[in-house]
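Working notes for the structure below.
The values are calculated or read from the model by the stated rules, or taken from the named source; none is laboratory data. All values reported here derive from a predicted model rather than from experimental measurement. Cβ: placed from backbone, ideal geometry, glycine included. Neighbour counts: every protein chain shown. Areas reflect the complete protein model, heavy atoms only, side chains present, ligands, DNA and RNA absent. Shrake-Rupley method; radii C 1.70, N 1.55, O 1.52, S 1.80 Å.
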Amino acid sequence: AMLAASLVAVALSLAPASAADPGLEKGTCAFDNEPVFPGYYWDPSCKLGKTGCNADNVSVHCRFCGGGVYDVPCPPSACHFHGSPPSAPYYWDETCKLGMLGCWADGIHAQCRFCGMWPYTSIACPEKYSQPPAGPACTFPEEQGTTPHFWDPSCTNGTHGCLADGIHTECRYCGAGDYVDIECPASKICKFALEPTVPYFWDPTCAMGKLGCNADGLHVQCRYCMQRPFESVSCPEAVAPRKDICTFPKRGEPLIPYYWEPECTEGMLGCWADAIHPQCRFCGVGVFANITCPSTPGQPDAPGGGVLPDPAEAAPGRSLGAELEDIDVARSTPLRPCMLVFGAAIVLAKL
């Protein structure tokens with residue numbers, strides 16, 4: 001009983017703080033006095049020891065960026081607006097100085113800069129600009145038919161498809177008719193009441209009745225891909241899940257251990273664990289008890305495995321806690337308390 005309690009305590013102590021503290025889930029740094037320089041933002045990939053992390057001495061994911069000893073580039077989220085978000089796109093420009101057009105956009109940081117929309121049309125938005133949630137939109141005086149359109153801050157007068165509504169240069173046609181050569185960004189055009197966990201993209205070849213088409217119920221060209229039952233529909237590279245690792249929705253990882261099994265085929269027990277890859281296989285417990293789990297994750301034949309190690313197999317002088325931390329790093333996503341406790345139970349079953 002004491003051993004069980006110890007293992008559970010170790011598992012819980014290794015869980016990320018954000019899993020236990022709902023306030024940290026929102027991704028908000030907690031400074032007593034908000035710094036003007038350098039910039040800062042919420043970085044879920046942060047770990048103690050990485051440059052700029054633990055900026056507020058409260059949350060390890062709070063990170064300094066963009067100046068001094070913090071050579072990490074600042075994303076647009078380093079701009080901090082109080083009250084309603086702006087209607088103009090903005091980004092972090094380290095060359096900004098007080099008095100330059102668009103700079104000091106958030107009233108706090110000189111480097112926070114508006115772009116791409118009047119009166120900042122002379123300032124081109126970089127690829128990683130921030131489009132506010134209630135940002136600018138195309139305005140058609142009358143119903144404009146079925147031609148898809150989206151907001152493209154890179155548009156300039158005379159660019160093919162731009163000025164679609166006759167008002168905004170950034171309003172751009174795409175994906176149909178004379179504009180079929182302009183790729184529609186599905187994330188900006190497909191409209192879902194709830195964002196799906198199934199990958200999707202814009203497919204101009206779609207027609208009603210084709211597998212995966214009309215994914216959002218509004219646009220026939222909006223198409224699901226790769227995840228069952230749409231596994232026969234290939235995803236474009238930009239939205240395709242990795243082909244060599246189990247892929248689960250964010251915070252939707254199963255409690256059942258899993259691993260990568262190259263020999264998996266349709267109909268084999270435990271295969272298709274993530275509903276995307278036939279090689280992703282459940283193992284070790286319940287109806288999958290007869291499927292042996294690899295002892296350690298990250299093996300060449302088991303990338304992204306969800307299996308916890310046997311303490312007896314840990315390297316000499318290494319604790320179970322250290323082994324669990326290695327798994328956390330290898331899988332690139334934090335292990336949650338329930339998964340760690342579940343793993344501790346598996347370890348006990350082996351003893």
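Taken over region 181-198, the residue count meeting the criterion of being exposed (fewer than 14 other Cβ atoms within 10 Å of the Cβ) and among the aliphatic types (A, V, I, L, M) is 2. If you check ILE276, ILE256 for being closer than 15 Å to ARG228 by Cβ and open to solvent by less than 70 Å² (accessible area, probe 1.4 Å), only one passes: ILE276. Kindly evaluate THR156 against the criterion of being open to solvent by 50 Å² or more (accessible area, probe 1.4 Å), β-branched (Val, Ile, Thr), modelled with pLDDT under 85 and on the phi < 0 side of the Ramachandran plot. No.
If the condition is being over 22 Å from VAL285 (Cβ atoms) and either touching a strand residue (DSSP E or B) at 6+ places or on another chain (Cβ under 8 Å) or in contact (Cβ under 8 Å) with a residue 60 or more places away in the chain (or both), then region 243-266 contributes only ASP244. Only one entry of GLY135, GLY175, GLY116 meets the criterion of being buried (at least 19 other Cβ atoms within 10 Å of the Cβ), modelled with pLDDT under 80 and not aliphatic (A, V, I, L, M), and that entry is GLY116. Number of residues in region 29-88 that are among the basic types (Lys, Arg) and closer than 26 Å to CYS115 by Cα equals 1. The set of residues in region 151-182 that are of a type in the set (D, E, K, R) and without any contact (Cβ under 8 Å) to a residue 24 or more places away in the chain comprises ASP152, ARG172, ASP178, ASP181.
Residues in region 199-225 that are within 27 Å of CYS280 (Cα to Cα), assigned to a loop (DSSP other than H, G, I, E, B) and open to solvent by less than 30 Å² (accessible area, probe 1.4 Å): PRO199, GLY212, CYS213, ALA215, CYS225. Tell me whether region 227-236 contains one or more residues that are crowded, with 17+ Cβ neighbours inside 10 Å and within 18 Å of the chain's Cα centre (by Cα). Scanning region 227-236 turns up at least one residue that is crowded, with 17+ Cβ neighbours inside 10 Å and within 18 Å of the chain's Cα centre (by Cα). The sole residue among ALA289, ALA302, ALA312 that is aliphatic (A, V, I, L, M), open to solvent by 40 Å² or more (accessible area, probe 1.4 Å) and modelled with pLDDT under 70 is ALA312. Within region 203-211, is even one residue closer than 23 Å to ILE276 by Cα and under 21 Å from the mean Cα position of the chain (by Cα)? Scanning region 203-211 turns up no residue that is closer than 23 Å to ILE276 by Cα and under 21 Å from the mean Cα position of the chain (by Cα). Checked against the criterion of being of a type in the set (Gly, Ala, Ser) and loosely packed, with under 12 Cβ neighbours inside 10 Å, region 260-271 has at least one qualifying residue.
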